[in-house]
Amino acid sequence: MTDDAKTKYDVIVVGGGISGAMAGIGAARAGAKVLVVEQYGFLGGMLTAAGVGPMMTFHAGDEQVIQGSTGELIDRLEKKGQSPGHVFDTTGFTYTVTPFDVEGMKRELELMLTESGGEVLFHAMLASVEVNEGRVESITVCTKSGLMQLRAEVFVDATGDADVAFHAGVECTKGRESDGACQPMTMKMRMMNVDIQEIREYIKNNPDEFPRLEGDVNKVDKGARLSIGGFVKTLAKGRAAGDFSFPREDVLFFEANGEGEVIVNTTRILGFDSNDPWSFSLAEMEGRRQSLEVDRFLKKYIPGFGNSVLVYTGPQIGVRSSRQIKGRYTLTGPDIHSRKSFPDTIAHTGYPVDIHSPDGEGTAHVKPEWGTFCSIPYRCLVNEQVRNLISVGRCISVDFEAQAAVRTTPTMGAVGQAGGIASALAVRYSLQIGEVNPEQLREELQRQGSFLA
Ligand SMILES: Cc1cc2nc3c(=O)[nH]c(=O)nc-3n(C[C@H](O)[C@H](O)[C@H](O)COP(=O)(O)OP(=O)(O)OC[C@H]3O[C@@H](n4cnc5c(N)ncnc54)[C@H](O)[C@@H]3O)c2cc1C
């Protein structure tokens, strides 16, 4: 096992998804020596590994409530023609959606991290966490050169699954409070050569196929990119003919940045456990089976897909929820609905509660009142068991319903930036993670361009 000076950092972030990348950037810009460790060969997590997109949503009504480094990422992509920026959401589900080029996203995250002074170690997967008297002393990662021990003053768990926290002995919960069931996984499909104009025309001529639009089919002309959920009658017809086999109530897809490029979010993989490698492997295979079925179905039944090509399902199936840490505070569904504010708020979101049913068909959307947003307190990132470990991303301390509102990528970027800055402050002032002054953290967040109400 290797263990040398090169492996000692102020802050090590495990997981290079949107929350981990933003944590690395936030910590480095606050002056820390930072390493981001990632199991794949690129940053972006679900956005680049699982084909998730567009990012939704940076807004609450007309207000952009996600700014900071996550907002900067989009500004940079837009300048390079790799994103159209924030565009009207034609599904009628939220305010804006933000498409992007996957390859542009991978590169821009690397640039932002390294320009900020951060380093990255790709192809390194967490193997174990060494804890001594309530502190993580080191982590061991599995690499092509064997096991490697890495040391830091503070560790940030940005694995999505709370892998570091779980292995360090932090109390974790999982899924729905009543039975532990998680939201289903989805294997996203990237399709090319889709005729968007043909789809727009079909929507306008068949409003009863699109209940989410509530009769206002002209919405589909308002967005610079088309996002749509529906085709409910066509789906029922395909199911009756034996061409669609799994529980799903509508066909959902999003136009990406490139011409004729569409991300299909329609497979629904139920009953598997993403934290169990055997079950996770079976979920990948079921996702692939469903993807090829959806590909055939789209070509046969859905206008605009006749000449489409399925180009990509990504190196990993999409996981919406798994473990959550039990933190100093657990944000709840009622907190979200009441728009509860907190003195230690570090991020906001205007995204609705969006629960893909863990039981079968159905997606529960609870739309917020126009323009309102909820708040995420710093205490949701802090656990009571390990003093130098902070959690960011979708595994923070939130209940099942609240997770469904905070889990999307703009919000996770904002939470990551806050967690990274908090880690840097802990190193700078020799504090435990739980001792970081929320006022000082909010000041540094604002200095780094974040929106805080
Ligand atoms: C099917 C699906 C559709 C979605 N649709 C949207 C959408 O349209 N818009 C939107 O904004 N959000 C959407 N989301 C939500 C969003 O993608 C996630 O909630 C968000 O990406 C979470 O960010 P994260 O940084 O916490 O985790 P992730 O994006 O999962 O990143 C975690 C990173 O950690 C790495 N990692 C994990 N474990 C280890 C380990 N043990 N060792 C080393 N590295 C590790 C992973 O490779 C990954 O890079 C969707 C999610 C899914 C699954």
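The values are calculated or read from the model by the stated rules, or taken from the named source; none is laboratory data. This is a predicted model, so every value here is computed, not measured. Methodologically, a virtual Cβ is constructed for each residue, glycine included, from the backbone with ideal geometry; neighbour enumeration extends over all protein chains shown.
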Some residue of the stretch 65-74 being over 21 Å from residue 225 (Cβ atoms), within 12 Å of the ligand (Cβ to nearest atom) and surrounded by 23 or more Cβ atoms within 10 Å (Cβ to Cβ): no
Members of the stretch 419-451 found to be within 12 Å of residue 67 (Cα to Cα), surrounded by fewer than 19 Cβ atoms within 10 Å (Cβ to Cβ) and touching a helix residue (DSSP H, G or I) at 6+ places or on another chain (Cβ under 6 Å), listed by number: 449
Candidate set: the stretch 126-173, residues that are within 11 Å of the ligand (Cβ to nearest atom) and among the small types (Gly, Ala, Ser); chosen: the one nearest to residue 386 (Cα to Cα): 162
Any pair with Cβ under 9 angstrom, 6 or more apart, that starts in the stretch 12-39 at a residue that is among the hydrophobic types (A, V, I, L, M, F, W, C) and ends at one that is assigned to a helix (DSSP H, G or I) and at pLDDT below 95: 35/7
Qualifying residue in the stretch 194-201 (condition: touching a residue at least 24 places away in the same chain (Cβ under 8 Å) and within 16 Å of the ligand (Cβ to nearest atom)): no
Unique match (being over 25 Å from residue 445 (Cβ atoms), surrounded by fewer than 17 Cβ atoms within 10 Å (Cβ to Cβ) and not aromatic (Phe, Trp, Tyr)) among 334, 303, 358: 334
Contacts under 8 angstrom Cβ, first residue in the stretch 424-453 being closer than 14 Å to residue 390 by Cβ, partner assigned to a loop (DSSP other than H, G, I, E, B) and β-branched (Val, Ile, Thr), 6 or more apart: 425/436; 426/436
Pair list, Cβ < 6 Å and 6+ apart or interchain, from the stretch 327-341 residues that are under 13 Å from residue 173 (Cα atoms) to residues that are hydroxyl-bearing (Ser, Thr, Tyr): 327/397; 330/397
Candidate set: the stretch 1-59, residues that are of a type in the set (Asp, Glu) and at pLDDT below 95; chosen: the one farthest from the ligand (Cβ to nearest atom): 4
Within the stretch 374-412, considering residues that are farther than 23 Å from residue 73 by Cα and basic (Lys, Arg), the one nearest to the ligand (Cβ to nearest atom): 379
Qualifying position, being in contact (Cβ under 8 Å) with a residue 24 or more places away in the chain and not aromatic (Phe, Trp, Tyr), among 96, 143: 96
Breaking point among (1) closer than 29 Å to residue 49 by Cβ; (2) over 22 Å from the mean Cα position of the chain (by Cα), for residue 391: (2)
Residue check for residue 416: crowded, with 24+ Cβ neighbours inside 10 Å, in the same structural domain as residue 153 (by TED's automatic domain parsing) and not polar (S, T, N, Q): yes
Counted residues, the stretch 148-159 - those being assigned to a strand (DSSP E or B) and over 13 Å from residue 129 (Cβ atoms): 3
